[in-house]
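The values are calculated or read from the model by the stated rules, or taken from the named source; none is laboratory data. Given the structure is predicted, the values throughout are model-derived calculations rather than measurements. As a convention, Cβ positions derive from the backbone with ideal geometry for all residues, glycine included, and neighbour counts pool all protein chains shown. In case anyone asks, the SASA skips ligands and DNA or RNA and just uses the protein heavy atoms, side chains included. Shrake-Rupley method; radii C 1.70, N 1.55, O 1.52, S 1.80 Å.
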Amino acid sequence: MASAAPGGVVIVGSGLIGRSWAMLFASGGFKVKLYDIEQQQIKNALENIRRELKSLEEAGSLKGCLSVQEQVSLISGCSSLQEAVEGAVHIQECVPENLELKKKIFAQLDHIVDDRVVLSSSSSCLLPSRLFAGLAHVQQCLVAHPVNPPYYIPLVELVPHPETAPATVDRTHALMTKIGQCPVRLLKEVDGFALNRLQYAVISEAWRLVEEGVLSPTDLDLVMSEGLGTRYAFIGPLETMHLNAEGTLNYFDRYSESMKRVLKTFGPIPEFSRDTVEKVNQAMCMKVPDDPENLAARRQWRDDCLMRLCKLKRQMQPQ
């Protein structure tokens, strides 16, 4: 059996994101302590992880070089926060997206950790300046925002507090790379981080096109899934521009004026009126009824597709 990496990782919260982080860190050979306030919740989470890892192995999608048994053996539960953090090099908070709850957790951690461990939040939108305000160990704090589902979508946004030490970001970047994730550094905090700002920009214009009757909700989604999203699965918007002309300079020589003309026609932030909400919901429910069973089945299909895409992308990495 390959030896585990020095030190250990603590996951605070054993929900979906916490379990995913535990699996990712174990795949990299790290000993993981999964902390939660309820013993039964921990027990359920550990059993869920075991089943999920076994399914991944059967599908040929298990990450890392360790077997299922070896990875499972690296993950243990703990209902004492004090005991959990002993010897930890990294703590990943995964409690629900509630500012006061997260601040309470970090205040507790602030009193019991040393000056070496990284304190990281999985928050998707709470600013580090609010999350970590007043902490003695603020230089060791940052947000490491994963994308759901983290096991199949490798991006992690690293967002520092204004007082976060550069070494904290460097260490976290190296750690995320080691476990097979794709970390990106935000050089300063911004509301919504990078991923959600881009996502909301797409949603905003998609909504406007549907609301103004330019195309149907179903066709709107096809524009992304069969158009933009196909190439965005492999390259981003900036490289797309670079390749769609003779380099970036040539792209802007050709298209900057038409881009500015179209962008000037974009309206204000949509109000997301109830009429359009109902119109979009009706179209989506024709495709995927919104009862729990159908939604769960579609999510499983999505995750299976992501798993296969992830494998394909690994095979197609440029040499």
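General remarks:
- Within region 28-39, being in contact with a Lys or Arg (Cβ under 9 Å, 6 or more places away or on another chain) and either crowded, with 22+ Cβ neighbours inside 10 Å or part of a strand (DSSP E or B) (or both) holds for Gly28, Phe30, Leu34.
- Unique residue being of a type in the set (Ser, Thr, Tyr), over 16 Å from Leu131 (Cβ atoms) and touching a Lys or Arg at 6+ places or on another chain (Cβ under 7 Å) when the list is Ser61, Ser55: Ser61
- Qualifying residue in region 142-153 (condition: out of contact with any strand residue (DSSP E or B) (no Cβ under 6 Å at 6 or more places or on another chain), in contact (Cβ under 8 Å) with a residue 12 or more places away in the chain and open to solvent by 60 Å² or more (accessible area, probe 1.4 Å)): yes
- Some residue of region 161-169 being out of contact with any helix residue (DSSP H, G or I) (no Cβ under 9 Å at 6 or more places or on another chain), farther than 19 Å from Met259 by Cα, among the acidic types (Asp, Glu) and open to solvent by 30 Å² or more (accessible area, probe 1.4 Å): no
- Only one entry of Val190, Val184 meets the criterion of being surrounded by fewer than 17 Cβ atoms within 10 Å (Cβ to Cβ), of a type in the set (A, V, I, L, M, F, W, C) and either farther than 30 Å from Ser61 by Cα or in contact with a helix residue (DSSP H, G or I) (Cβ under 7 Å, 6 or more places away or on another chain) (or both), and that entry is Val190.
- Sub-7 Å Cβ pairs linking a first residue in region 48-73 that is over 21 Å from Lys313 (Cβ atoms) and modelled with pLDDT of 95 or more to a second residue that is basic (Lys, Arg) and crowded, with 17+ Cβ neighbours inside 10 Å, at least 6 apart or interchain, are Asn48/Arg19; Ile49/Arg19, ordered by first then second residue.
- Selection status of Gln41, over 22 Å from Arg171 (Cα atoms) and touching a residue at least 24 places away in the same chain (Cβ under 8 Å): yes
- Residue in region 259-271 that is surrounded by 11 or more Cβ atoms within 10 Å (Cβ to Cβ) and among the small types (Gly, Ala, Ser) present: no
- Within region 2-13, none of the residues are part of a helix (DSSP H, G or I) and not aliphatic (A, V, I, L, M).
- Of all residue pairs spaced 6 or more apart or on separate chains, those with beta-carbon atoms under 7 Å, a first member in region 215-235 that is without any contact (Cβ under 8 Å) to a residue 40 or more places away in the chain and a second member that is of a type in the set (Gly, Ala, Ser) are Leu220/Ala206.
- Val210 being assigned to a helix (DSSP H, G or I), at pLDDT 95 or above and either of a type in the set (Gly, Ala, Ser) or open to solvent by less than 50 Å² (accessible area, probe 1.4 Å) (or both): yes
- Verdict on Arg314 being closer than 30 Å to Gln181 by Cα, part of a helix (DSSP H, G or I) and open to solvent by 100 Å² or more (accessible area, probe 1.4 Å): yes
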